[in-house]
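Since the structure comes first, as structure tokens, the remarks are kept for the end.
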Amino acid sequence: MLAGKRILLVIAGGIAAYKVLELIRRLKERGAGVVPILTPAAEEFVTPLTVGALAGEPVHRDLFDLTRESDIGHIRLSRDADLLVVAPATADLIARMASGFANDLATTALLATDKPVLIAPAMNPRMWDHPATRRNMARLVEDGVMVVGPGVGEMAERGEAGTGRMAEPMEILAAIEAAFSGEPALIGGPKPLSGRRMIITSGPTHEPIDPVRYLANRSSGRQGHAIAAAAARAGAEVTLVSGPVTIPDPAGVSVVPVESAADMLAAVEAALPADIAVMAAAVADWRVASASEKKLKKQASGAPPMLELVENPDILASIGRHHTLRPRLVVGFAAETNDLIENARSKLERKGADLIVANDVSPETGVMGGGDNTVRLVSAAGVEDWPKLSKDEVANRLVARIAELLPAPDGEGA
Ligand code: CTP
């Protein structure tokens, strides 16, 4: 979702500035371009050299740097970005933004932009609670500025606690993803899944043949990981049990890496109880009955090894039919190359799921490993066709649908 996006990152002078180094690393890992602006006060906390090296871009510091003024200019600097992020946003910078100041490079870029702005406030709790800061924050929110954090916690000053601590880098990352996913309301507004626990499986499983070889499939984990990220943005507390994948961990999610179907089942059971389960992993149906402890060698006779396969446990079915800890909403996938709806209906029934996300994975669709997905939602209520969407959009819609379908827990609601 962040690949190819350009983020103008304004770093102001606060102790939390060091945490922004981690944010830059995470953004780069996801393929985003990061153009840093450092305020003079920020340079007291992090060096332009470190920031520039991590971002892989020159650091902008001075409004009156004439070469850059003629070459790029502060207006272009902010217009070329897809999103402006201010982290940490200090009380002083927030005040100057709210009043429309343009007395340094950071405020000038923020005033000159026509792009969305996200701020991560960080300050002493008393400064955060001060009527002046509250007034400034209300103005910025009214101006359409998005806000992530601050959180509650111990401050750098000894013995001080309260609200004012900058959001963690992964939370800021989740907010940046939310800003790009067209659901910025989720950043500060009500979160439909807050307080809900969700277990998600994703990726392939690797079934060992011997210590160096395994059986696997083409799943990239992109759909399951996108659902985990969307669920976290919607406020859910997510445990993502993932088979071996090469994509980065989603922001704001606790990841349990596993290899085989047996490991995946154990990890899912250990993560119970949960309100919601979404089983998006492409679990291998079979494993080698007795994997060799030593590497198999070629035989002089030329005879290939005979691999006896046995069926793996069905993770979705064990959760969907769990006697004591069945989540209130269980969602499965059905990857099919033929008879999509018929097969999805039978999986819904057989595995005790409430909803099956059915998709055609014939090679010509490019779904396996690709960026898009065309899905059909199959439930007892019927079949719903969704248009071809990116896997991120499928994830957002699915999470919104899950929030609608989730029955109230016992004792809550009507
Ligand atoms: N699934 C699972 N554990 C398995 C096999 C599948 O949890 N051992 C889950 C998948 O995560 C998915 C759903 O079951 O949510 C359907 O997976 P799919 O591969 O389409 O179905 P299978 O049960 O493997 O049936 P078949 O391969 O015969 O179509």
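Quick check: is even one residue across the range 293-301 surrounded by 15 or more Cβ atoms within 10 Å (Cβ to Cβ) and at negative phi? Yes, the range 293-301 has at least one match. Here V288 clears all of (1) surrounded by 12 or more Cβ atoms within 10 Å (Cβ to Cβ); (2) of a type outside the set (F, W, Y); (3) not assigned by TED's automatic domain parsing to the domain that holds P244 except the condition numbered (3). The single condition among (1) more than 10 Å from the ligand (Cβ to nearest atom); (2) open to solvent by 80 Å² or more (accessible area, probe 1.4 Å); (3) touching an Asp or Glu at 6+ places or on another chain (Cβ under 8 Å) that P304 does not satisfy is (3). Entry remark, the range 325-336: residues being more than 9 Å from the ligand (Cβ to nearest atom) and open to solvent by 50 Å² or more (accessible area, probe 1.4 Å) number 3 in total. For the range 356-364, does any single residue satisfy the condition of being within 28 Å of A270 (Cβ to Cβ) and not small (G, A, S)? Yes; the residues of the range 356-364 include at least one that is within 28 Å of A270 (Cβ to Cβ) and not small (G, A, S). Per the listing R350, R345, R376, the residue uniquely in a strand (DSSP E or B), over 18 Å from A230 (Cβ atoms) and open to solvent by 70 Å² or more (accessible area, probe 1.4 Å) is R376.
Of the residues screened, E43 is not one that is touching a Pro at 6+ places or on another chain (Cβ under 7 Å), surrounded by fewer than 18 Cβ atoms within 10 Å (Cβ to Cβ) and in a helix (DSSP H, G or I). Looking at V255, V241, V245, just one residue is β-branched (V, I, T), modelled with pLDDT of 90 or more and in contact with an Asp or Glu (Cβ under 7 Å, 6 or more places away or on another chain), and that residue is V255. Checking each residue of the range 78-96 against the condition of being open to solvent by 20 Å² or more (accessible area, probe 1.4 Å), in a helix (DSSP H, G or I) and closer than 19 Å to A175 by Cβ gives no match. Comparison of I315, I319 shows that the only residue that is open to solvent by less than 60 Å² (accessible area, probe 1.4 Å), within 22 Å of I247 (Cβ to Cβ) and near the ligand (Cβ under 8 Å from one of its atoms) is I315. Among residues of the range 311-326 that are more than 11 Å from K351 (Cβ to Cβ) and in the same structural domain as D275 (by TED's automatic domain parsing), those with a Cβ under 8 angstrom from a residue that is open to solvent by 50 Å² or more (accessible area, probe 1.4 Å) and within 12 Å of the ligand (Cβ to nearest atom), sequence gap 6+ or separate chain, pair up as E311/D285; E311/W286; N312/A262; N312/D285; N312/W286; N312/R287; P313/A262.
The values are calculated or read from the model by the stated rules, or taken from the named source; none is laboratory data. Please read all numbers here as calculations on a predicted model, not as lab measurements. Don't worry about glycine lacking a Cβ; one is built from the backbone with ideal geometry, like all the others, and counts go over all protein chains shown. We work out accessible area using only protein heavy atoms, side chains counted, and drop any ligands, DNA or RNA first. Shrake-Rupley method; radii C 1.70, N 1.55, O 1.52, S 1.80 Å.
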